[in-house]
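Notes to accompany the following structure.
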Amino acid sequence: MIEARLIDTLRYLAVSLAFPDQTHLDVSGALARALQLPEHLWSVQRDDLEPDFHRFFSGQKRCSPYETEYGPGRSVRKAVELADIAGFYKAFHLAVDQQDPEMVDHISLELDFLAQVGFKERYAELQGWTEQAEICQQAYAGFWRDHLGRWGAGFFENLQSAARPGSYYHTIAGLGLELVDSEAHRLEFAIGHLEPDHSEIPAYECLGCTTGAEDGGCYAV
């Protein structure tokens, strides 16, 4: 059975890598306390964190938080990968919050999806629902193998290198690397170390995208 602490760790990393508005900061602080993480993660101010958020995820030291910007041949495979990710979400009746729109391959959404599926797996097992638990187990392991396990380590390594040692995002990156390593051992998948593909202009920088959510495209409104 998947451990409750693992689910909370996934939730914590998901919310900590989302835009640092007050709602996200309140949730991350509560989870940091519950998980007994270092005290400097318990109470973080938006004004302190937002400059680093923009610097790391959209500035010159950009550590792309989008899966489809990793690995070669992005323009060829991007649509297929976005559709596959959206298919995982749809299978569990999950969708991007239209009040907080983001691409389906954002690191925060992928971590949150795994937390949601992990919670469903644990609940099904506690209820004795063997078939439902197995479906969740397969989806959870498959998403690690086909998606987050292929690029997550590269993302966290880049973030850890860019962030100041001991800082908020440096600590988050370390926790992320520990998570990827532990789940790779538990689920027996090979960790990928894909690097961002800088050969093309990221599609996320376009304006006025009208691609629909149903095919994994931009959720901007």
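Laboratory data are not the source of any read-out in this text; all were calculated from the coordinates shown. Remember, predicted model here, so these are calculated numbers, not experimental data. Positions of Cβ are generated from backbone atoms using ideal geometry, with glycine treated the same way; all protein chains shown enter the neighbour counts.
For a paramagnetic label modelled on GLU50 (point 7 Å from Cα along Cα→Cβ), amide N atoms under 20 Å away belong, within the range 1-40, to 15-29. Relative to the globular-protein estimate of 2.2 N^0.38 Å, the Cα radius of gyration of the chain stands at 0.99.
Descending by average beta-carbon neighbour count within 10 Å, the peptides 159-169, 39-49 line up as 159-169, 39-49, the highest first. A cut-off under 10 angstrom between Cβ atoms defines the neighbours of ILE191, and their net charge, with Lys, Arg +1 and Asp, Glu -1, is -1. The label point for ASP181 and the one for ALA30, both projected 7 Å from the Cα toward the Cβ, are 3.1 nm apart.
What shape does the range 45-127 take by its C-alpha gyration tensor, where a ≥ b ≥ c are the square roots of the eigenvalues and a/c under 1.5 counts as rounded, a/b above b/c as prolate, and the rest as oblate? Oblate, since a/c reaches 1.5 and b/c is not below a/b. Remark: spin-label model distance ARG145-LEU94 equals 1.8 nm, labels positioned 7 Å along the Cα→Cβ axis.
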